[in-house]
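Structure record follows, encoded as structure tokens.
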Amino acid sequence: MMLLVGTAKGLFRLIDDDARQSWRIEGPYIEGYSVLHTTAAPDGTLYAATAHKIWGAHIYASRDNGASWTTLDAVPQHPPDSGRGTTKSIWYLAASNDVLFAGIDPAGLFRSDDKGRSWQAVAGLNDHPTRSTWEPSRGCFAVHSIYVDASRPEHIVAAVSAGGVYRSDDGGMLWHPANQGVRAENLPDPNPETGHNVHRVVSHPRMPERLYRQCYNGTYRSDDRGRSWIEITDGLPSDFGYAIAVDPNDPDTIFQIPESSSHLRAPVDGKLRVYCSRDAGSTWQSVSEGLPDAHVYVTVLREAIDTDARTPCGVYFGTSGGQLFASADAGGSWRQVAGYLPRVLSVRALESS
């Protein structure tokens with residue numbers, strides 16, 4: 001197993017002993033850059049989404065399982081006459097067949113049909129009639145949580161912070177708001193069509209129509225590709241948080257890390273806890289054995305959690321304090337596998353080759 005851990009100062013690889021108990025840390029790679037997200041393409045190429053305060057936003061690629069990285073020359077950009085400004089960061093990457101999608105800040109979705117050598121704007125989303133309801137959130141103004149149904153690639157889901165979730169049924173030409181049933185109590189209208197501050201959306205790989213989302217106000221499930229949502233917050237100690245992930249082997253099993261409020265943005269009661277539901281959000285239990293449970297004031301960011309597809313699944317997450325935690329038994333027990341990394345921004349679990 002390999003973990004790609006993106007931080008505020010570069011990317012690290014953690015390689016396990018095949019039992020997911022002992023980990024070797026390698027790196028940093030892409031030194032000095034914030035690595036906001038990583039993904040793996042079907043051909044084995046790894047991609048990293050980055051940002052740098054001086055050198056700008058870039059996409060990096062690796063064709064040797066992360067041992068070395070090269071920057072791509074092309075960067076997705078809004079048209080100069082759009083008034084949206086230059087790209088501040090590459091926020092999210094998604095690979096589907098021969099297409100690579102990128103979500104950027106300022107909010108925009110782009111696609112590449114040549115492995116990132118050139119980019120085209122997905123105008124149906126970027127110029128959506130509801131764009132006037134979008135606005136920067138505290139952490140970004142970006143498109144993220146891009147999911148393409150591998151068996152039916154015309155079905156795409158993407159999220160905007162802050163703007164809400166959108167879905168396309170025709171490969172990205174037309175986009176429809178997908179926020180029915182989701183609260184937005186931070187807005188004047190608490191039940192708007194768009195404008196939601198959505199922190200993360202995850203799609204289940206075996207049941208693509210099953211989505212989960214963590215928002216500024218609550219945790220939700222959709223069973224119809226985002227057309228409607230059911231709130232599943234009841235049983236969690238807070239309706240605020242960033243991190244949510246699924247068990248790739250079971251669409252009813254999800255993991256969530258609650259935070260106290262939008263003001264403190266730290267674990268509830270100072271206890272770092274992971275909550276798990278094995279019935280699609282009907283009930284929740286804390287699965288936190290081995291995690292620190294007093295005076296913990298770190299944040300677990302939206303992309304800083306991932307799971308693997310082994311049985312039982314492994315669960316991994318990193319914190320703003322540079323700690324990385326791993327569970328090899330679906331949250332049954334935890335161990336700290338790194339303690340002094342830079343601020344963790346993203347975690348990706350991959351089978352090492």
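Listed values, structure above:
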item: Residue-span extension gain [Ser132 to Ile230] - 0.36 nm each, minus C-alpha spacing; result: 32.7 nm
item: Sparse-neighbour loop sites [chymotrypsin sites (Phe, Trp or Tyr not before Pro); the stretch 116-150; at most 14 other C-beta within 10 Å; DSSP]; result: none
item: 222 nm mean residue ellipticity, helices alone, for the chain (DSSP H n ≥ 4; -39,500 (n - 2.57); rounded to 500); result: 0 deg cm²/dmol
item: Those lysines that a straight Cα-Cα span of less than 16 Å connects to Lys88, excepting residues fewer than 8 apart in one chain; result: Lys53
item: Fraction of accessible area attributable to carbon and sulfur, the chain (%, probe 1.4 Å); result: 49 percent
item: Charge tally in the Cβ shell below 9 Å around Ser34, where Lys, Arg are +1 and Asp, Glu are -1, Ser34 excluded; result: +3
item: Loop sites in the stretch 1-67: chymotrypsin sites (Phe, Trp or Tyr not before Pro), DSSP, at most 15 other Cβ within 10 Å; result: Trp55
item: Which of His263, Gly332, Pro292, positive extreme of dipole for the stretch 218-351 (C-beta unit charges); result: His263
item: In the stretch 1-97, the trypsin sites (Lys or Arg not before Pro) that fall in loop regions by DSSP, at most 11 other Cβ within 10 Å; result: Lys53
item: Heavy-atom surface of the chain, accessible at 1.4 Å and reported per residue (Å²); result: 39 Å²
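The values are calculated or read from the model by the stated rules, or taken from the named source; none is laboratory data. Bear in mind the structure is a predicted one, so any value in this text is a computation, not a measurement. Positions of Cβ are generated from backbone atoms using ideal geometry, with glycine treated the same way; all protein chains shown enter the neighbour counts. Just the protein is used for accessible areas: all its heavy atoms, side chains included, with ligands, DNA and RNA removed. Shrake-Rupley method; radii C 1.70, N 1.55, O 1.52, S 1.80 Å.
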